[in-house]
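Trainee: This structure is in structure tokens; I'll ask about it shortly.
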Amino acid sequence: TPPRQILLPSPGPPRALRGAFVTLALAIGAATGATAQTYPLIGVTGDGASIPESLFLLDPTNASAMFVMTLGNGSEGEAIGYDPADGLLYHASGLLQNEVWERVDVYARTIVASGPFTGQQVTDYEITAMVYDPAAARFLACDLFGNLFDTTPAGAATRTGAVPHTLKGLAFAGG
């Protein structure tokens, strides 16, 4: 099967993002085997960006960015993770009792569901990194102070440990 191509209508030509730019979280994936698929490189901007709290498709060959949609829920902090099982992008944002967990259909450019990021020992600090664990069908998320959370696709989180530093990306390696 050839790689799946994603074509989204652009509201204008690809452009570089300028201005105050916070850390860009990235989601990319490739599955192998008989049903091999490739997925687009997706970035999310934060509150300090020239186009804040928005998703962009990123061209890995020339670094151009194409606007997809504004997210806008939550407050400080943006993290994204892709779930290949349901084809949705997950977005975490916010702090101080305003933490939001969203499911986003990038192809349809819509927020499918939005609710709180909740659970025992969930802190008041924004999620800075997250990754989908296909073996557990859940997300691993990390907050600003290094707390790690095992998180359901609905946003229910359980603290499972901590790391000594703020993480800005997570990935599972190997099999």
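Trainee: Quick one: how many residues across the range 53-68 are surrounded by fewer than 17 Cβ atoms within 10 Å (Cβ to Cβ) and touching a Leu at 6+ places or on another chain (Cβ under 8 Å)?
Mentor: Adding up the residues that qualify gives 3.
Trainee: Is it the case that Gly119 is loosely packed, with under 15 Cβ neighbours inside 10 Å and among the small types (Gly, Ala, Ser)?
Mentor: Taking the combined requirement at face value, the residue does not satisfy it.
Trainee: Report yes if Asp143 is at pLDDT 90 or above and closer than 23 Å to Ile42 by Cα, otherwise no.
Mentor: So Asp143 does not fit the description; no.
Trainee: Against the condition under 14 Å from Met130 (Cα atoms) and buried (at least 20 other Cβ atoms within 10 Å of the Cβ), how does Ala92 come out, does it pass?
Mentor: Against the criterion (under 14 Å from Met130 (Cα atoms) and buried (at least 20 other Cβ atoms within 10 Å of the Cβ)), Ala92 qualifies.
The values are calculated or read from the model by the stated rules, or taken from the named source; none is laboratory data. Bear in mind that the values here come from a model prediction, so they are computed numbers and not experimental data. For neighbour counting, all protein chains shown are included, and Cβ atoms are generated from backbone atoms with ideal geometry for every residue, glycine included.
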